[in-house]
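Undergrad: Before I ask anything, let me first share the structure, which is written out below as structure tokens.
Values in this text are rule-based calculations from the coordinates and carry no lab data. Quick caveat, the model's predicted, so the values are computed rather than measured. Virtual Cβ from ideal backbone geometry, glycine too; neighbours counted across all protein chains shown.
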Amino acid sequence: MSTFYLGMISAFGFMMALLALSLQYKHLLSVLLSLEAATMNLFIMLFALSNNISYSGQTSLILITLGACEASLGLAILVSMIRAQGNDYVFSFSSQKC
């Protein structure tokens, strides 16, 4: 019964992360933080669902590993972009400059 509530809370957190992503897209760091929150809520939801099934958490470990790799790659790209351009405004990105 408690895994049901954990799944519901993580689904609500995922929706809030998507709402924050759609409302705060001025800086790249806020976009990355919203995506990280969505990834972590998906991890919690998958972990809650895998307790009911016989996966025993292997898929949750894979997802959190991929989430950590995504976060480190995103922050590395952010640092290199700030060093090259001087800001992290999303509206200043263009494929013409690359």
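Undergrad: Within the range 1-45, can you find the residues that are surrounded by fewer than 17 Cβ atoms within 10 Å (Cβ to Cβ), of a type in the set (Gly, Ala, Ser) and in contact (Cβ under 8 Å) with a residue 40 or more places away in the chain?
TA: none
Undergrad: Among the residues of the range 59-74, which ones are out of contact with any helix residue (DSSP H, G or I) (no Cβ under 7 Å at 6 or more places or on another chain) and surrounded by 12 or more Cβ atoms within 10 Å (Cβ to Cβ)?
TA: Those that are out of contact with any helix residue (DSSP H, G or I) (no Cβ under 7 Å at 6 or more places or on another chain) and surrounded by 12 or more Cβ atoms within 10 Å (Cβ to Cβ): LEU61, ILE62, LEU66, ALA68.
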